[in-house]
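The values are calculated or read from the model by the stated rules, or taken from the named source; none is laboratory data. Model, not experiment: these values are computed from the prediction. Note that each Cβ is placed from the backbone with ideal geometry, even for glycine, and that neighbours are counted across all protein chains shown. The protein model used for the area step is the full one, side chains on, heavy atoms only, and it has no ligands, DNA or RNA in it. Shrake-Rupley method; radii C 1.70, N 1.55, O 1.52, S 1.80 Å.
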2 protein chains.
Amino acid sequence: MYAAAQARQQSVEQAEQLAKAQVSGPHLVATYKAGREIYAEGDLNDKCYQVSTGAVRVYRLLSDGRRQVVSFHLPGEMFGFEAGTDHSFFAEAITDTTLAVFGRRHMQERSRDLLALALAGMARAQQHLLVIGRQCAVERIAAFLVDLCERQGGGRLLRLPMSRQDIADYLGLTIETVSRVMTKLKARSVIALRDARTVDIMRLDALRSLCC
Amino acid sequence: MYAAAQARQQSVEQAEQLAKAQVSGPHLVATYKAGREIYAEGDLNDKCYQVSTGAVRVYRLLSDGRRQVVSFHLPGEMFGFEAGTDHSFFAEAITDTTLAVFGRRHMQERSRDLLALALAGMARAQQHLLVIGRQCAVERIAAFLVDLCERQGGGRLLRLPMSRQDIADYLGLTIETVSRVMTKLKARSVIALRDARTVDIMRLDALRSLCC
DNA sequence: CGCTAATTTGACGCTAGTCAAGCCATGTGG
DNA sequence: CCACATGGCTTGACTAGCGTCAAATTAGCG
């Protein structure tokens, strides 16, 4: 089964949370507990966000509950800008998360930066398309690990904030396949697993060559 | 086998073609024969384009020749803007095509419009991710046909400028699967095929419900 | 009219999905 | 402190959908 989105009914608390932050000027702070919704499909799209600590998933659902995670966002990364006045995606905190929130005014002042961000977002999505459309399970996982490794600064020790289900829904696979590929990579000593969420990259070159 | 990109060596002729058009001000016209390259990976990214007549495919290649078509562009649609100073994609004319070409100056003047285009492009890529990541072959084809139908104005008669290979590489499938799904949809009288490139949408509602 | 490329169809195999059970770490209450 | 529940992850057995390979058919074009 695919993961259906849970955690939909907490919007009230968040509304309070945001209200407390009084969004209007630049750089206000909001905090979210693990699993909490940041925005939902249909919500007004008038802010954007930068992760300070924690991690965020942005995803879309099909009516039968199938989920596609379109992006993860780590500390330092921006998200939340979309075409249209309403969001077409959901965003949730994966772990406990703090965000810098930018309001409409700030976005208008910085539309030049926003263009660069939008272009980068498009490039990221299109790269992701290649991975999902034309690579097999091992290649997808390899690409995912390499990408995450680079975004965390290139260190060999990788902390995964997201669950196997999140990874599966990001890569168009199932948790079982993600798990099996991980153990296969472990067996080949390409990676080592301290625990399920902590990956040691043993042979980055091998991972890279798997991405094609 | 996946389609390797052919048609790489004609860049010289095109350089002439573009030179002839003297790109500098807004709205210059360029024409391309079917299969000709408009830009390649690594080319300088300093123009953008609007299709006047014909159709364009934008794609990326893996080193072993696997190809992912990230977008098709029909008359009226813009393409060619990317992050970075160089292109990371290839663009080719599918059929004989004429384009309006906009130079760097024009793009700077209209960075506000460009933002909207970039956001739309990102949305399109992310929608495409959901289709490829989480839908089965029939659903992908249905989504593709509905999308194309809407972009051609909603008429029930659909002319496909692209080959089965292009469709396969767009949807992350093989030509054989595309062909089989088409015949299955024909058997169910959801569509009719005048010829391979001309589709009659018989039951648009049925197609839509297949997309979820 | 014949050549070539594109598309369709068929037979078969493999990758990844499904279903189910087991494992492991964590937390809770007796 | 232990029994037990819980949720996330792993593993195994089996299956289905799509890919591969090959051949037939059709369409396009000089």
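Which of the residues that make up segment B:163-194 are more than 14 Å from chain A (Cβ to nearest Cβ) and more than 8 Å from DNA strand C (Cβ to nearest atom)?
B:181, B:184, B:185, B:187, B:188, B:189, B:190, B:191, B:192, B:194
So, in segment B:123-135, of the ones that are within 7 Å of chain A (Cβ to nearest Cβ) and open to solvent by less than 20 Å² (accessible area, probe 1.4 Å), which residue ends up farthest from residue B:82 (Cα to Cα)?
Going through segment B:123-135, the residues within 7 Å of chain A (Cβ to nearest Cβ) turn out to be B:123, B:125-126, B:128-130, B:132-134.
Narrowing further to those that are open to solvent by less than 20 Å² (accessible area, probe 1.4 Å): B:125, B:128-130, B:132-134.
Details: B:125: 13, B:128: 17, B:129: 18, B:130: 21, B:132: 22, B:133: 23, B:134: 26 Å.
Looking at the filtered set, the residue picked out is B:134.
With the structure loaded, tell me whether residue B:91 is within 13 Å of chain A (Cβ to nearest Cβ), within 23 Å of residue B:154 (Cβ to Cβ) and under 15 Å from the mean Cα position of the chain (by Cα) or whether it fails that test. Give the steps one after another, and end with the answer.
On the way: within 13 Å of chain A (Cβ to nearest Cβ): yes; within 23 Å of residue B:154 (Cβ to Cβ): no; under 15 Å from the mean Cα position of the chain (by Cα): yes.
So residue B:91 fails the test.
Being more than 11 Å from DNA strand D (Cβ to nearest atom) and either in a helix (DSSP H, G or I) or more than 14 Å from every other protein chain (Cβ to nearest Cβ) (or both): is that true of residue B:200 here? Show your work before the answer.
Numbers: more than 11 Å from DNA strand D (Cβ to nearest atom): yes; either in a helix (DSSP H, G or I) or more than 14 Å from every other protein chain (Cβ to nearest Cβ) (or both): yes.
Criteria met by residue B:200.
Taking the conditions exactly as written (more than 16 Å from residue A:181 (Cβ to Cβ), basic (Lys, Arg) and within 14 Å of chain B (Cβ to nearest Cβ)), does residue A:140 satisfy them or not? Talk me through it step by step, then tell me what you get.
Details: more than 16 Å from residue A:181 (Cβ to Cβ): no; basic (Lys, Arg): yes; within 14 Å of chain B (Cβ to nearest Cβ): yes.
No, not satisfied.
Quickly run through segment B:105-122 and pick out the residues that are within 14 Å of another protein chain (Cβ to nearest Cβ) and surrounded by fewer than 20 Cβ atoms within 10 Å (Cβ to Cβ).
Narrowing segment B:105-122 to residues within 14 Å of another protein chain (Cβ to nearest Cβ): B:107-122.
Residues satisfying the conditions are B:107, B:108, B:109, B:110, B:111, B:112, B:113, B:116, B:120.
Is there a residue being surrounded by 21 or more Cβ atoms within 10 Å (Cβ to Cβ) and over 23 Å from residue A:129 (Cβ atoms) anywhere in segment B:81-90?
Looking for residues that are surrounded by 21 or more Cβ atoms within 10 Å (Cβ to Cβ) and over 23 Å from residue A:129 (Cβ atoms), one finds none in segment B:81-90, hence no.
Hey, can you tell me all the residues within segment B:41-57 that are surrounded by fewer than 21 Cβ atoms within 10 Å (Cβ to Cβ) and within 15 Å of the chain's Cα centre (by Cα)? Write out each step before concluding.
From segment B:41-57, those surrounded by fewer than 21 Cβ atoms within 10 Å (Cβ to Cβ) are B:41-46, B:50-54; that's our starting set.
Those that are surrounded by fewer than 21 Cβ atoms within 10 Å (Cβ to Cβ) and within 15 Å of the chain's Cα centre (by Cα): B:50, B:51, B:52, B:53, B:54.
Take the conditions open to solvent by less than 10 Å² (accessible area, probe 1.4 Å) and assigned by TED's automatic domain parsing to the domain that holds residue B:30 and apply them to residue B:68. Does it pass? I'd like the intermediate steps shown before the answer.
On the way: open to solvent by less than 10 Å² (accessible area, probe 1.4 Å): yes; assigned by TED's automatic domain parsing to the domain that holds residue B:30: yes.
Yes; evaluated as a whole, the condition is true for this residue.
Going by what's in this entry, would residue A:94 be described as surrounded by 15 or more Cβ atoms within 10 Å (Cβ to Cβ) and either within 16 Å of DNA strand C (Cβ to nearest atom) or modelled with pLDDT under 95 (or both)? Even if it seems obvious, please write down each step before you answer.
On the way: surrounded by 15 or more Cβ atoms within 10 Å (Cβ to Cβ): yes; either within 16 Å of DNA strand C (Cβ to nearest atom) or modelled with pLDDT under 95 (or both): no.
Taking the combined requirement at face value, the residue does not satisfy it.
Go through segment B:61-88 and report how many residues are within 12 Å of the chain's Cα centre (by Cα) and either among the aliphatic types (A, V, I, L, M) or within 12 Å of another protein chain (Cβ to nearest Cβ) (or both). Spell out how you get there, then give the answer.
Let us first name the residues in segment B:61-88 that are within 12 Å of the chain's Cα centre (by Cα), namely B:68-75, B:77-80.
This time we only want the ones that are either among the aliphatic types (A, V, I, L, M) or within 12 Å of another protein chain (Cβ to nearest Cβ) (or both), so: B:68-71, B:74, B:78-80.
Total meeting the criteria: 8.
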